[in-house]
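All remarks here apply to the structure that follows.
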Amino acid sequence: MNAKYQQPLATALAVFTACLPMRPLRADPCGMVPPITAKAGSIERIGLQKTYVFYKNGIETLVLRPGYRGQIEDFGMLIPFPSPPAIRKVADDVFAHVAAAVDPPEVVVDLRWRNKQRLSFALGDSAAPTAALESSVRVLNQEAVGMYEVAVLEAGSAQALRRWMDSHGYRYPDGMDAVCEDYVEQEWCFVAVKTRVGVKGRVDARPGMRKVDPKLPAGATFDGHVQGMGFRFRTDELVVPMRLSAFNPGPMRNVVYVLSDQAVKASPLPDSFVVRQISGVELLRNVTQPLPLRILGGTIDDIPEWRRANLANEQDPTPHNGLAKELFAADLLAARRGALALDHEEAEKRLLNIGEELGLRGTEVDALIATQLAAQRRQTVDAALNDLASMTMTVLDADFPRDVLGRENLTFTGWAMPGARNAPHVYDAKAFGPAVRRAAMVPAWSHGGGSSWWRWLAGGAVLLVVIAGLTLRRRGGGAATLGLAAALLLGAGTTAAAPGPGAAGIDPTTAQLVARLSEPERAAAAVETLVQRGAAAVPHLLGEATEGADLQGRGWALVCLARIGGERVDRGLATLHDSEAPDLVRTWAAAARVQAAPDLDGVLALVPLVQRFPAAQRPLSLRLAATTPSGPPSPNLLVRLLRVTVDVPGLQDALTPAILAAGRDPLLAAATRADDLQVRRRAVAYLGSLANAGDASVGAAVVAVFRFDPEAQQTPWHGGPLFVPGIAWPRDDARALAAQLLRWHVWADRHDAADTKKQIHNNLRSLQLARAAGYQSPGWKEVDTLAWLRIWHECAGQWAVEAILREQGVLDDARYRDALQR
C-alpha cells in the first residue's frame, strides 16, 4: 500500500471500530450484547407525503403512499371522495419512478481515472459534473445480519457518506472527513453497521384497514411508508381531498404530481408552490427513449469497447421510470374508455386477494404477481401511452399550510409557470430541491453501444406519429389513424382464450365447484362449499392446483387446500412447490402448506421454506404467533425459538412475545448453557429486553449466575462463549458483576485457560460496564490478569483485591503481589 495512506487507514479503522458496540472477534465471539428493543408510541406522520393525481375526461386517479410511525394497531386512513372509487394497489417505488419520468437520471461514464476502471452509474440532475459524483452514495448491498443492519456503500465524497449515514440512522465517525476522503479517492467502499432497534410490524398496515390482526403482539410498531394505493373515480373537476390530512401530527410538506390536459396550479395555494411543469411530449420521451449519457474526462471514442457494448442496457429507462410509464398508460386508457377499472388491474386485485387468504403480502409476492401480468400491462402501455403527448405534468412541493388544508380541498385552475423557474437546475424532481447548472451532455443516441441508436429513432418516430395523430384528431380524422400508427411502431400483444376448467370423468358437482373458482363472482361461495366437503374434495383441488389452466382457479384451489389440511394435502403441496409450476403458484403452495400446518412443531418444521420462498416469511410469522403457547415455553422449545430468530431474523417479531414469556431464569440458562453460540447471544439480547421493559432483577440475576465458586472445576458458561447483556447497569450490580468476572479471570490465569481469560476480558473492557462500575476500561488494548487487578485496585481499593486473592489462596503469590501496590 502507498505509504501516504497507511496512517490514515490505521486511524480510520480505529475510529470506525470504536463506533461499534463491543463486537465479537472471529476466534473469540464474546462480549456485551445490546438488547432487542422496539419503538413505541402513537401514530405520527413522517417524511415527505407524496400524491399522484391524474385527470382527463371526468376520470380522476389519486395515488397515495403516506409515511407513518407508531403502533401498528393505531394506523388507519380516512379519505373522502366525490364518488365511489375503484381501488387498486400500486407499486411501492411508483413515486420514485414518477420523479424519474420528470427528470430522468443520467448514465455517467467517468474517464478521468481510466486506468483505475472506475465504476459509473446512473445519477440525477442535481449537480454539476464533478458535484454529481461527489454528492452521491451508491448502496452496493444492504441486509440484516443477526441483530445488526449492515450497509455496504460506495460514496462520492465524505460529506455524501455522512449525509447518507445520518439520514439512515448510522453513526458517522466525527473528525474523520479527511481520512474518508482519502478512501473515496482510492475508490474504497464503506461498511456501515447499526443495531436493529426499530422493528417493523409483522403485518404491514394498509389504507382502508379497519382492524388489526389480533395475533399481533401488543405494542408492535410500524415505521415507514404504508402500502401504496390508487383510487380512480369520476368527478366533474380536478380535486384533491386533503382536508383530513391537516389533522395528522407531523410535518406538512407535500409533493403533488398532477397529470392533466393542461398546466395548472392549486387555487387555494400560492403560485410559488408550483415547482415544475413538463409537457406530455417530454414525459413520453423520458419514459421511452434512452437515458441521457454524460461523459466526464473524454469523448465517446475514449470509452472502452466492452463499456460501450453495455451502454444500451444502462440507458434503458424501464428500471428507473417504467412504473410511471405503466401508471400513465393505465390512467390514459381508463380515461379513453370511460372506465374506472382495467382488466389487468382487476386481475391483480384477485391475485392479491388469493395471497391475502394465504397470509402473503409484501414486495416479494408483488413482484411474482407483476411477472404473471406483464403481458397485460404491456398491452395497456401499447394501447394508450401515446395519448400522454397531449397531457402536462405539474409538480407542487411545499409545506402546505395546515389551516388552508383544513378549510378546503385542493382545486386547480389553468396556469403556466414562468419559464425562468421551470427548469431542472431550479427544481430537480428526484432531489426534491434545486440543482446547479451543468455543462452540456453527450446526446443519448451518439454512442455506439448496442441498439440504442434505433431506439432513439423509434422514440422520435413515435413522437412524430403522436403529433400527426393529434393533428388528425383536431381535423376530425383520427383515433383510428393514431392507434394504427402506434400499433405499427410499438407492437400489439394478444392473448389466447384459456380453456375452461374441469375434466371428464370426475364427480360433476365437484367439477362445477372447481370450475367456479375461476369465476370472480362465484369463487368465494365455491371455496366455502369445497372446504365443507373436506377430504372428499382434496383430489380434485390438488388436480386443479397442479394442472389448472386458469391462474386464479389454481390459487383459490390452494386456498381451499390450506383450509382443509391433512397429510395428503401436505404431501401434495410439497410436491407442487418443488415442481416446475410458475413461481407464483409455487409460492402459493408453500404458503398454503404453512397455513395448513396443524401445530407449532409443524410450523417450525417449515421455517426452512423461507430460504426458497422469501414471501413465505409473513405466513410463517402469522402461524407462529397463532400456534405458539400463550404461557412460558419449555426450555427445549425456548432454544428452538431462539434458533429460529437467528436463522430467519424476519420471524423475530412473531416469536418475541413467546420468548419473553419464558422469563428471566430460562433465558439465563439458555444464555450460559446452550450449545449453539448464536442461541446464547440471542438469549442475552432478550434478557436485555426484559431489563429495558422494567424487570429490575435482571442485573442481580446475572451476577448470581456468574458468582465465583473457589471449588469450581469449570466456569458457569463452560462449553460456549460468554455473553453479558449490554443494559443500563445499576452501579451496585455493575460493581458486583465486575468483581465476579475478575475472580474468574484470576481463576483462569491460575488454570492457564487463555481462551477463558479472553472471554472475560472482552466483557470487562465494555465501556458501558466500566462506566457503571467506576473503573477505567483499557479499551481494545490487550491486558493480563495483573493489569486487571491493578485497574480494580484503583476502583475498589486494596482490600477488594486482597479479598479476591485470599479467596483463591494466592495472596502471597509473587505473580499477583504487585497488584496490591498503588
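What follows draws every value from the coordinates through simple rules; no lab data is involved. The structure presented is a predicted model; accordingly, all values stated were derived computationally and were not measured. When we count neighbours, we look across all protein chains shown, and the Cβ atoms used for this are built from the backbone with ideal geometry, even at glycine.
Between residue 776 and residue 267, the distance separating the two model label sites (each 7 Å from Cα on the Cα→Cβ line) works out to 7.5 nm. State the Cα centre-to-centre distance between region 362-379 and region 544-563 in whole Å. A separation of 18 Å, based on Cα centres. Given R0 = 51 Å, the distance between the Cβ atoms of residue 783 and residue 531 translates into a calculated FRET efficiency of 0.15.
How large is the direction-averaged shadow of the alpha-carbon convex hull of region 677-808, in nm²?
Average of the hull's projected areas for region 677-808 equals 7.5 nm².
For region 603-657, the Kirkwood estimate of hydrodynamic radius, built from reciprocal distances between every pair of different alpha carbons, is 11.2 Å. Can you figure out the FRET efficiency of residue 87 with residue 111, using R₀ = 56 Å and their beta-carbon distance, to the nearest 0.05? It comes out at approximately 0.65. Distances between placed amide hydrogens fall under 5 Å for residue 294 paired with 107, 108, 109, all partners being 5 or more residues away or on another chain.
For region 723-778, taking the reciprocal of the average inverse distance between every pair of different Cα atoms yields a Kirkwood hydrodynamic radius of 11.4 Å.
Sequence-distant contacts, meaning Cα pairs under 8 Å at least 6 residues apart, place the relative contact order of region 666-822 at 18 percent.
Work through the residues other than residue 59 whose Cβ is under 10 Å from its Cβ and net out their charges, Lys, Arg +1 and Asp, Glu -1. Neighbourhood net charge equals +3. When peptides 688-701, 400-413, 275-288 are ranked by their average number of other Cβ atoms within 10 Å per residue, the highest-first order is 275-288, 688-701, 400-413. Would you mind classifying region 495-634 by shape? Square roots of the alpha carbon gyration tensor eigenvalues, ordered a ≥ b ≥ c; an a/c under 1.5 is rounded, otherwise it is prolate if a/b is larger than b/c and oblate if not. Cα axes put region 495-634 in the prolate bin.
What fraction, in whole percent, of alpha-carbon pairs in region 253-310 exceed 15 Å separation? Before the final figure, lay out the partial values.
Working: 1119 of 1653 pairs.
When all Cα pairs of region 253-310 are counted, 68 percent exceed 15 Å.
Going by the alpha-carbon gyration tensor, a ≥ b ≥ c the square roots of its eigenvalues, is region 236-378 rounded (a/c under 1.5) or, if a/c is not under 1.5, prolate (a/b greater than b/c) versus oblate? Verdict is oblate for region 236-378.
When the charge dipole of region 746-822 is built from unit charges on Cβ atoms (+1 for Lys and Arg, -1 for Asp and Glu) and taken about the Cα centre, the candidate among 777, 747, 791 whose Cα reaches farthest toward its positive end is 777. Packing, as the average of other Cβ atoms within 10 Å across residues, places the peptides 680-687, 776-783 in the order 680-687, 776-783, highest first. Maximal additional length on extending the residue 665-residue 575 stretch stands at 28.1 nm, based on 0.36 nm per residue less the C-alpha distance. Ranked by the mean number of other Cβ atoms within 10 Å of their residues, highest first, the peptides 569-581, 326-338, 709-721 come out as 326-338, 569-581, 709-721. Note on residue 178 and residue 803: the model spin-label points, each 7 Å out from Cα along the C-beta direction, lie 4.9 nm apart.
The three principal axes of the C-alpha atoms in region 546-612 carry coordinate ranges of 35, 25, 15 Å, sorted with the longest axis first.
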